[in-house]
Ligand code: NAP
């Protein structure tokens, strides 16, 4: 039987690359997204071209009812085996003293409450062999001074969520891991007001370049798969050495 995996934020960036990669690896994939319906539909078309089932479901990550509906819809494809908790936002880059409380709340809502809600649905529904991958960030250990310290703090919470949940779910045979990408070429940087950040930051990345979404997708696919069968509670850095 094919694995069935939900990828939140699967319409663009790292999530879209992951959905395509998982379809290539044999997963049926449910693509969660917020509003870019056309982008989600393109990913689903590629999943189907790969010979797998794909569904796009609009679901606001921070809304418990919409997340429940996302998981209920996924059940149409079979028993859930995987969750990639990926839907995330940043806010405008800037000094900590300029942080607006609305931006702070949005980052906490989507990146932390959203991850907890989806992980909770997955934990309730998965059986032995299930796996969750949380998309964290290298920011969790770097702190992102002068850029978005609040975002980095929330990503550190993602790492703790990963470790605690890994231990709680291990007796049930469910693995929980995280990837911590560095600076990856996606639309995220435009949203935070620095569209050329992948280029301007290259000089401080030991490998001298930003990463591609596919390079993160490969790590996520490995963590979901049988070769990572004894790996749980890990935070795998995918950052070019950052
Ligand atoms: P992206 O290109 O901006 O894509 C974000 C995705 O999340 C889109 O599919 C978007 O849906 C969805 N999304 C955003 N807010 C949502 C919400 N409230 N509810 C449901 N879906 C929502 O971002 P990305 O760079 O791929 O980032 C993916 C993850 O990687 C995030 O958790 C981010 O923090 C993390 N990360 C990124 C980088 C990087 O350099 N890019 C580095 C480290 C970690 P729509 O298309 O409908 O808007």
Worksheet, complete the sentence: Output ordering of 52-62, 115-125 (per-residue mean of other Cβ within 10 Å, highest first) is 52-62, 115-125
Worksheet item: If you find the alpha carbon centre of the stretch 64-133 and of the stretch 178-192, how far apart are they in angstrom?
Response: 16 Å
Response to the item:
What one gets for the chain as the Kirkwood radius, inverse of mean 1/r over different Cα pairs in Å, is 17.6 Å
Worksheet item: Roughly how tilted is helix 149-169, in degrees to the nearest 10 and between 0 and 90, from the longest Cα axis of the chain?
Response: 30 degrees
Discussion item. If each DSSP helix of 4+ residues adds -39,500 (n - 2.57) and the sum is divided by the residues in the chain, what number results at 222 nm, nearest 500 deg cm²/dmol?
Written reply: -12500 deg cm²/dmol
Item to complete: Give me the number: length gained by fully extending residue 187 to residue 199, i.e. 0.36 nm times residue separation minus the C-alpha to C-alpha distance, one decimal in nm.
Response: 3.0 nm
Fill in: the stretch 4-238, relative contact order [Cα under 8 Å, separation at least 6], %
20 percent
Fill in: Length released on extending from residue 120 to residue 96, taking residue separation times 0.36 nm less the Cα-Cα span
5.5 nm
Worksheet item: What distance in nm separates the simple spin-label points at residue 48 and residue 230, each placed 7 Å from Cα in the Cβ direction?
Response: 4.3 nm
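Coordinate-derived values only; no laboratory data. Worth saying up front: this structure is predicted, and the values here are computed from it rather than measured. Counting neighbours? That spans all protein chains shown, and the Cβs are built from the backbone with ideal geometry, glycine included.
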